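The values are calculated or read from the model by the stated rules, or taken from the named source; none is laboratory data. What you are looking at is a predicted structure, and each value in this text was computed from that prediction instead of being measured. Here the Cβ positions follow ideal geometry from the backbone for every residue, glycine too, while neighbour counts run over all protein chains shown. Ligands, DNA and RNA are stripped out before the accessible areas are found, and what is left, the full protein with its side chains, is counted by its heavy atoms. Shrake-Rupley method; radii C 1.70, N 1.55, O 1.52, S 1.80 Å.
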There are 2 protein chains.
Amino acid sequence: MRDISVLMSPTRRRGDALTTAIFQAVLSELAVSSFEELTFDKIASAAGTGKAALYRRWSTPAELVLAALSDSATGFGDPPAPPGTGALRDDLIALLEHFVRALDQPRGRALLPLIAHRHRHPELFEQVHRLVIRPHQEVLLSVLRQAVERGEAAPGSLTPRIVSVGPRLILLQAWEGGLVDSGEIASIVDEVLIPLTRP
Amino acid sequence: MRDISVLMSPTRRRGDALTTAIFQAVLSELAVSSFEELTFDKIASAAGTGKAALYRRWSTPAELVLAALSDSATGFGDPPAPPGTGALRDDLIALLEHFVRALDQPRGRALLPLIAHRHRHPELFEQVHRLVIRPHQEVLLSVLRQAVERGEAAPGSLTPRIVSVGPRLILLQAWEGGLVDSGEIASIVDEVLIPLTRP
DNA sequence: CAAATAAGGAACAATTTTGTTCACTAATTG
DNA sequence: CAATTAGTGAACAAAATTGTTCCTTATTTG
């Protein structure tokens, strides 16, 4: 029989390699279903492993999901850095594009069901809010603050509500329509955010 | 034994009365779970009836959900009417408050899971888009158009993107935070929509 | 190269859930 | 008031899914 080991990843993954694969399977499953529908069965088969490997590591789906969300490789490890381009428009575009890219990954696509069913899993949603939403808002706020200092934006723009406009438009655009390309982002910035914050 | 018929609705509901109760049960169930988790079992017990009454009317959950969404009593029968207050600000507030009220009913709370899992049920989402989202956008657009004619808004405001801002902010505010009160609506109108459409 | 560790996959029984139907009786109709 | 229609609740078997464990074997370690 022909040796296919060059085509496949090492036949039997171990340790962190397997853990990472499991995390990705968790997020992928979450992305197309919901937390309630998650089972060790589905996760194992999506990760291409046996259930025993999961039971050896975690005892409940909740534990596993929290671990996958917190993991720095597959989940939301590090908050985005302020772009610091020196111009408000460029900062906004850079930030929102980073956001769109995150939404297009498994971890991002896993967000929607978590938000949608937040009333069923307050603790999971709280985690998501702390790890994802909050940091993004902080960075956006700092970008706007710098713009105000440069005189590029009105001081009155520094409200939570205005800060939320960009991400929320992106989020719903992504959920309702599917893809959000660069043109869409530029339009949101030019048609909405810039006029909204103009001094 | 004491007669409790004064306290309860007629012991045994029939015809449209029962159908309406079933529709409401469907939407309530949908609101706290998802389409995948809907079963004739849960619906029947939520509606306080037997499964046989359901099977006599519909043969699949999908049929039943579409019927509930389309029903004029429980679902989204009629599109909202343009408020026509004569002032843009008042029109916007009236419209968005109507929207918030709809979101706070079972039919509105059933929306989130449907949007969240739209990739799993394109036909259901299409229905929702046609029955709910589209009509709301049309009305908002007509309100803005009138404001432009009165010189209250810039002609450049008549874009689908700008029209979408209000409903999207409301939607996410409701989903992330819970309630959206009148103060919140007024703030959205005054901080975001009015500045955004100013001539 | 031998021993130890841990992955893969299957087998398992138990619990839960499914759709469907039946008998009983309340409500309606003529 | 008799006959018909239709809701209720229970019973049911079939099917699917659950968490858990065991055995074989690939990989690593000393």
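Quick one: which bits of region A:155-177 get at least 40 Å² less accessible when the partner protein chains are in, versus the chain alone, with a 1.4 Å probe?
Going by heavy-atom accessible area, the residues of region A:155-177 that drop by at least 40 Å² are A:R161, A:R168, A:L169, A:L172, A:W175, A:E176.
For chain A, take the longest principal axis of its alpha carbons; what is the angle in degrees between that and the long axis of helix A:15-32, to the nearest 10 within 0 to 90?
Value to nearest ten degrees: 60.
Quote the FRET efficiency, to the nearest 0.05, computed for B:Q105 versus A:I194 with a Förster distance R0 of 35 Å and r equal to the Cβ-Cβ distance. Before the final figure, lay out the partial values.
On the way: r = 37 Å, r/R0 = 1.04.
My answer for the efficiency is 0.45.
Return the value, in Å² to the nearest 100, of accessible area buried between chains A and B (probe 1.4 Å, both sides summed).
Between A and B, the summed buried area is about 3200 Å².
Against the longest principal axis of chain B, how steep is helix B:134-149, in degrees 0 to 90 to the nearest 10, with axes from Cα atoms?
Relative to chain B, helix B:134-149 is tipped by roughly 20 degrees.
What does the accessible area of A:H119 come to, in Å² to the nearest 10, when a probe of 1.4 Å is used?
90 Å²
Per residue, what accessible area does chain A have, given a 1.4 Å probe and all protein chains present, in Å²?
Values: 9600 Å² over 199 residues.
Result: 48 Å² per residue.
If the chain between B:S187 and B:S142 were fully stretched, how many nm would it gain, using 0.36 nm times the residue separation less the Cα-Cα distance?
Answer, rounded to one decimal: 14.0 nm.
Where Rh is the Kirkwood radius over the Cα pairs of the protein assembly as shown, the temperature 37 °C and the viscosity 0.692 mPa s, what D in µm²/s does Stokes-Einstein return?
Details: Rh = 23.5 Å.
Once the numbers are plugged in, D ends up at 139 µm²/s.
Could you quickly flag the chain A residue whose beta carbon comes closest to the rotation axis taking A to B, and that distance in whole angstrom?
Here the nearest residue and distance are A:A116, 2.
Roughly how tilted is helix B:160-177, in degrees to the nearest 10 and between 0 and 90, from the longest Cα axis of chain B?
Long axis of B:160-177 versus the principal axis of chain B: about 50 degrees.
Could you work out how much longer the chain between A:A87 and A:L179 gets when fully extended? Use 0.36 nm per residue separation minus the Cα distance between them, nm to one decimal. Intermediate results must be reported in sequence, preceding the final value.
Details: separation 92, 0.36 × 92 = 33.12 nm, distance 2.61 nm.
Answer, rounded to one decimal: 30.5 nm.
Taking the alpha-carbon distance from B:K42 and a cut-off under 16 Å, which lysines remain once sequence neighbours fewer than 8 residues away in the same chain are dropped?
B:K42 reaches B:K51.
If the viscosity is 1.306 mPa s and the temperature 10 °C, what Stokes-Einstein diffusion coefficient in µm²/s follows for region B:34-117 when Rh is the Kirkwood radius over Cα pairs?
Numbers: Rh = 14.9 Å.
After rounding, the answer is 106 µm²/s.
At a 1.4 Å probe, what is the % contribution of carbon and sulfur to the accessible area of the protein assembly as shown? Present the calculation step by step, with values, prior to reporting the outcome.
On the way: 10290 of 19150 Å².
On the protein assembly as shown, the fraction of accessible area on carbon and sulfur atoms equals 54 percent.
Using only Cα atoms, figure out Rg for region B:88-197 and give it as a multiple of 2.2 N^0.38 Å. Display every interim value, and only then the final one.
Working: Rg = 14.3 Å, N = 110, 2.2 N^0.38 = 13.1 Å.
For region B:88-197, the normalised Cα radius of gyration is 1.09.
Region A:8-49: which residues show an accessible-area loss of 30 Å² or more, assembly versus chain alone, 1.4 Å probe?
Residues passing the criterion (a loss of at least 30 Å², heavy atoms only) are A:V32, A:E37.
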